[in-house]
């Protein structure tokens, strides 16, 4: 080894390296006696990691397709095969990729097993059912009943979820022919806990004024916790990221100069308009700080509990599976903690799970915060349903309204 | 057409809110949405279970509450209560089977803060032992919640009595379904499925009494309709057939529905609840015996194997699949169902429907159905 001290890698560099290694491992999984499981971004992936099964997220691959503006083309391929254009854009582009093989990243390996956790959404179950028929592989639905606000019911829901996780473990043992190692699972959960806490710390830096991060940073950096949680590399990554962002915060560096408007975003992003939205908002001194979506991976694993129980409790209670009332409270909590003063509420026609509540959430948030909110409809991945002029005009008009209000207060 | 009893059932099926306007004077009315809420529990609590099946009125009141690409049935149900019949109900018990029904529950509850509201969190998988345990557990929870609301204990004997009443109802409906299949000239599809529909709304004892009269009449009359020529046998797949004049179109084409996997027909009338042992487990056992239901995960091939089995067992000529517009679950199933049927050489007609089907859409459906019968089934 050279005498020269190796320079510490930046989070951006690490992101690239870790992603490359992860994909390489996945592509050579079978050569190393490992298995590939497709899973949903919100799912107890720790069970796979501890059992040498490499989790692959068709959603992540779909995001890569949508960001590269391949959504409409891949979708049309599936529409010609009888799938309707109002289904989830992730599902449409993923199924389109299955037919065409077109991918911005060389594709993803085929599954040996599918796991769908419906705390995230119901669509994934149906989408994965299509994949299970196509590849003739088993599907396991981790059924997470709505996390209703009844303490007794919650105890029973956790019991049901734990019972299912035991069934999942048995299914994985059958798949691999290997006995499950719970000690290893405990170790993996510790890594997940540490990474999740650091990820949350990173997201919470949005509370600084000016904010050293925007939601667009979070959307880039969340990818690692989605597909590498449960590993020590994931913990190191978020430690590096937190150190970098903390340094910016300490120097008072914000992502937007003269930050005036600190906004909440409801829903998933419009992946193919990512940069345009950031620049438009920036020109008004506005920054989107956060959303419940990016907080979906801020887990709080309790390593003193039974590992299956803490997995069940965390995954069943994700924002998309709580009641509308509780979801509004979670959004308001972010709104207050980050001192936000406006909201962009996106009704995403291809994500029913997150969007159906948006009309009601808008009413609650505007009523409780006193700040106006903009609600608009489009699609997270299909440019055919994005009206450039209309949405731009509406966002501008909204920001001008906020400016007008700010001027009055001043 | 048939007897006075039959007439009464058909009238109620087609105008439940008008014909049963005085229901609330006798019992508290608890509305539910499809599917799988164990009505037997609600009945045993001394309450009146009532299945909400939308309205054919245009969507206006619920437009601001659910996006226009949400399930037509969900929007229509919300439209019905928000715009028209909200006062008909004392409370609601909702089952959640998909994203739409889960959100609908929350929106509904917020809209009616003064009413009793309970979720029934049915398992969304039925492939593993945990599903049975969970369904039974939810039945126990619902039983306790209903006891609190009704202010009375629900004894096991109350439940068994309720099970017997519902079993009798299902048994009579099965008998009538068999007669209708055997003697299609005796009773149209529309009439039979109206009789089934009436049971979703009516007092079950009264329905049983009227239904028994209809079954007796049908048994007596069926010998007079021996000539069954001119009918073709079909299977109807889907969740629900609405608006009901889809049945009229099938009747006009002389189709005889000999099997289905609808929530509003076979999934409802087949399989009874055991009347001994633990009541919650008995309800769970019945639940697991039901035909496949699109949103509920199990063997992924059942989306078409159930239909194929019915088609072969009943000697049908075709399958009509009724597709609720914007039902995400069916949207994911349909391409694979169609593909499999093509591979099997089985003619399948998809009928896409909205609760608010206009005259134009109805005319288009009629044309499609006629064209299919002529060109595919060779019927003129």
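The values are calculated or read from the model by the stated rules, or taken from the named source; none is laboratory data. These figures come from a predicted structure and were not determined experimentally. A quick note on method: Cβ atoms are made from the backbone with ideal geometry, for glycine too, and the neighbour counts reach across all protein chains shown.
Here are the numbers for the structure shown:
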| quantity | calculated |
| --- | --- |
| Considering residues of the range A:145-160 that are in contact with a helix residue (DSSP H, G or I) (Cβ under 9 Å, 6 or more places away or on another chain) and more than 9 Å from chain B (Cβ to nearest Cβ) only, the residue modelled with the lowest pLDDT | A:149 |
| Count of residues meeting criterion [more than 7 Å from every other protein chain (Cβ to nearest Cβ) and in a helix (DSSP H, G or I)] in the range A:113-144 | 5 |
| Boolean, residue B:172 is over 20 Å from residue B:93 (Cβ atoms), assigned to a helix (DSSP H, G or I), out of contact with any strand residue (DSSP E or B) (no Cβ under 8 Å at 6 or more places or on another chain) and without any contact (Cβ under 8 Å) to a residue 60 or more places away in the chain | yes |
| Residue list for the range B:107-129, filter: free of Cβ contacts under 8 Å to residues at least 60 places away in the same chain, closer than 18 Å to residue B:74 by Cα and outside any strand (DSSP E or B) | B:107, B:108, B:109, B:110, B:111, B:112, B:121 |
| Residue satisfying condition, being out of contact with any strand residue (DSSP E or B) (no Cβ under 9 Å at 6 or more places or on another chain), in contact (Cβ under 8 Å) with a residue 24 or more places away in the chain and more than 11 Å from chain A (Cβ to nearest Cβ), within set B:133, B:158 | B:158 |
| Filter result for residue B:49 (part of a loop (DSSP other than H, G, I, E, B), without any contact (Cβ under 8 Å) to a residue 60 or more places away in the chain and crowded, with 18+ Cβ neighbours inside 10 Å) | no |
| Filter pass, residue A:200 being farther than 25 Å from residue B:303 by Cα and more than 14 Å from chain B (Cβ to nearest Cβ) | yes |
| All positions within the range B:83-106 that are within 13 Å of another protein chain (Cβ to nearest Cβ) and part of a helix (DSSP H, G or I) | B:99, B:100, B:101, B:102, B:103, B:104, B:105, B:106 |
| Condition broken by residue B:74, with the remaining ones in (1) within 14 Å of chain A (Cβ to nearest Cβ); (2) assigned to a loop (DSSP other than H, G, I, E, B) satisfied | (2) |
| Flag for residue B:206 being without any contact (Cβ under 8 Å) to a residue 24 or more places away in the chain, more than 14 Å from every other protein chain (Cβ to nearest Cβ) and either in contact with a strand residue (DSSP E or B) (Cβ under 7 Å, 6 or more places away or on another chain) or part of a helix (DSSP H, G or I) (or both) | yes |
| So residue B:240, is it at negative phi and buried (at least 24 other Cβ atoms within 10 Å of the Cβ) | no |
| Filter pass, residue A:190 being more than 20 Å from the chain's Cα centre (by Cα) and surrounded by fewer than 21 Cβ atoms within 10 Å (Cβ to Cβ) | yes |
| Of all residues making up the range A:80-112, the number that are surrounded by 15 or more Cβ atoms within 10 Å (Cβ to Cβ) and within 10 Å of another protein chain (Cβ to nearest Cβ) | 8 |
| Search result, residues across the range A:14-69 that are assigned to a loop (DSSP other than H, G, I, E, B) and under 21 Å from the mean Cα position of the chain (by Cα) | A:40, A:41, A:42, A:43, A:44, A:45, A:57, A:68, A:69 |
| Residue A:90 being within 17 Å of the chain's Cα centre (by Cα) and farther than 28 Å from residue B:342 by Cβ | no |
| Conditions (1) closer than 24 Å to residue B:75 by Cβ; (2) more than 12 Å from chain B (Cβ to nearest Cβ); (3) in contact (Cβ under 8 Å) with a residue 12 or more places away in the chain: number failed by residue A:387 | (3) |
| Looking only at the range A:382-410, and only at residues there that are in contact with a helix residue (DSSP H, G or I) (Cβ under 8 Å, 6 or more places away or on another chain) and exposed (fewer than 15 other Cβ atoms within 10 Å of the Cβ), the one that is farthest from residue A:75 (Cα to Cα) | A:396 |
| Qualifying residue in the range A:191-209 (condition: under 28 Å from residue A:259 (Cβ atoms), in a helix (DSSP H, G or I) and touching a strand residue (DSSP E or B) at 6+ places or on another chain (Cβ under 6 Å)) | yes |
| Filtered residues of the range A:161-178 (kept if within 8 Å of chain B (Cβ to nearest Cβ) and buried (at least 21 other Cβ atoms within 10 Å of the Cβ)) | A:164 |
| Residue check, residue B:310 within 22 Å of residue B:181 (Cα to Cα) and in contact with a strand residue (DSSP E or B) (Cβ under 7 Å, 6 or more places away or on another chain) | yes |
| Within the range B:110-126, considering residues that are more than 23 Å from the chain's Cα centre (by Cα) and under 18 Å from residue B:28 (Cα atoms), the one nearest to the other protein chains (Cβ to nearest Cβ) | B:113 |
| In the range A:360-381, residue nearest to the chain's Cα centre (by Cα) [restricted to those that are buried (at least 18 other Cβ atoms within 10 Å of the Cβ) and part of a helix (DSSP H, G or I)] | A:361 |
| Residue check for residue B:35: under 19 Å from the mean Cα position of the chain (by Cα), surrounded by 21 or more Cβ atoms within 10 Å (Cβ to Cβ), modelled with pLDDT under 95 and not in a helix (DSSP H, G or I) | yes |
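Okay, residues lined up against (1) away from chain A (no Cβ under 14 Å); (2) buried (at least 21 other Cβ atoms within 10 Å of the Cβ); (3) touching a helix residue (DSSP H, G or I) at 6+ places or on another chain (Cβ under 7 Å); (4) in contact (Cβ under 8 Å) with a residue 40 or more places away in the chain:
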| residue | (1), (2), (3), (4) |
| --- | --- |
| B:279 | yes, yes, yes, yes |
| B:297 | no, yes, yes, yes |
| B:300 | no, yes, yes, no |
| B:308 | yes, no, yes, no |
| B:311 | yes, yes, no, yes |
| B:314 | yes, no, no, yes |
| B:326 | no, yes, yes, yes |
| B:329 | no, yes, yes, yes |
| B:337 | no, yes, yes, yes |
